[in-house]
1. Test ALA87 against the stated conditions and say whether it is of a type in the set (Gly, Ala, Ser), in contact with a strand residue (DSSP E or B) (Cβ under 7 Å, 6 or more places away or on another chain) and assigned to a helix (DSSP H, G or I).
2. I'd like the full set of residues that are surrounded by fewer than 19 Cβ atoms within 10 Å (Cβ to Cβ) and either touching a helix residue (DSSP H, G or I) at 6+ places or on another chain (Cβ under 6 Å) or basic (Lys, Arg) (or both), limited to the stretch 77-107.
3. Taking the stretch 52-76 only, how many residues are surrounded by 21 or more Cβ atoms within 10 Å (Cβ to Cβ) and of a type in the set (Val, Ile, Thr)?
4. Answer yes if at least one residue in the stretch 139-147 is of a type in the set (Asp, Glu), surrounded by 16 or more Cβ atoms within 10 Å (Cβ to Cβ) and touching a residue at least 60 places away in the same chain (Cβ under 8 Å), and no otherwise.
5. Within the set of pairs 6 or more residues apart or between chains, which connect a residue that is free of Cβ contacts under 8 Å to residues at least 60 places away in the same chain and surrounded by 17 or more Cβ atoms within 10 Å (Cβ to Cβ) inside the stretch 108-132 to a residue that is in a loop (DSSP other than H, G, I, E, B) and aliphatic (A, V, I, L, M) with Cβ atoms less than 6 Å apart?
6. Condition test on TYR41, is it under 13 Å from PRO146 (Cβ atoms), among the hydroxyl-bearing types (Ser, Thr, Tyr) and either in contact with a Gly (Cβ under 8 Å, 6 or more places away or on another chain) or surrounded by fewer than 19 Cβ atoms within 10 Å (Cβ to Cβ) (or both)?
7. Might you let me know whether the stretch 6-20 holds any residue that is in a helix (DSSP H, G or I), in contact with an Asp or Glu (Cβ under 8 Å, 6 or more places away or on another chain) and of a type in the set (Gly, Ala, Ser)?
8. All but one of (1) closer than 21 Å to PRO70 by Cα; (2) touching a residue at least 60 places away in the same chain (Cβ under 8 Å) hold for THR136; which doesn't?
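The values are calculated or read from the model by the stated rules, or taken from the named source; none is laboratory data. All values derive from a computational prediction rather than experimental measurement. Neighbour counts run over all protein chains shown; Cβ positions are idealised from the backbone, glycine included.
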Amino acid sequence: MSGAVDDAVLQTIRTRRVIRALTPAPITREDVATVLDSARYAPHAGNRRLHRYVAVTRPALLRALRMVSPGMLQRPTAAIVVCVDWAKVKGYGFAPTNPGPHIDVGTAAATMMLAAHAIGLGSGPVTSFSRVAVATLLGLPDPVRPELIICLGHPAAEQPPPMRRRNGTSWADVIQWDRG
C-alpha cells in the first residue's frame, strides 16, 4: 500500500477496541438489528449458514448470562450469542473436528464488532461461559450450541487500561514474509 490512506473502513478497523466498561444506557433495537445484520456479510464456509444468532436485551436475562459467564467482565445492555447448529454441520458431512464452523464464528463476530464500532457502540467478545447453562437460559434446541457471546453497550468515558503484551513481542515479531 502506498500513499496516504483515507478510508473509513480502515479507520474503523484501526480504532476498534474491546470495550470493558459500558454505561447503563440502553441500546435501541434498531442498533442491535444493525449489528446483527452485518453478520450476514461476513464470510461463511460455502455460504451454508450453519450459525444461529440470539439477541439478548432483557436486563434479567443479561444478568443471568453474566452469572454463568466468568469472562463477561463488562455489564452489557445487549448481547448477541453466536451459536453453531451442529446438526446442520453434520448434515453437510463435516467432521466434528472440522475448524470451519469455529472460523465462521470468528468472522461473524469480527464483522459484528466492527459494525458496532462504526455506529458508536462498544463491544467485546466472551468465550468463558457455561455452554450448557447459556443454552438452557436461551431455550436452544439440543443441536444448537452457543460458541461466543458479544457484549454490546455504550462505551463508558473511562476504560480500564489495555492488557499489556505478556511475552514482549512486537507486531513485527509475528510476521514472516515469504522468501521470494
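1. No: the conditions fail for ALA87.
2. Within the stretch 77-107, LYS88, LYS90, GLY100 meet the criteria.
3. Counting residues in the stretch 52-76 that are surrounded by 21 or more Cβ atoms within 10 Å (Cβ to Cβ) and of a type in the set (Val, Ile, Thr) gives 1.
4. yes
5. Correct list of pairs: VAL126/MET72.
6. In short, no.
7. There is no residue in the stretch 6-20 that is in a helix (DSSP H, G or I), in contact with an Asp or Glu (Cβ under 8 Å, 6 or more places away or on another chain) and of a type in the set (Gly, Ala, Ser).
8. (2)
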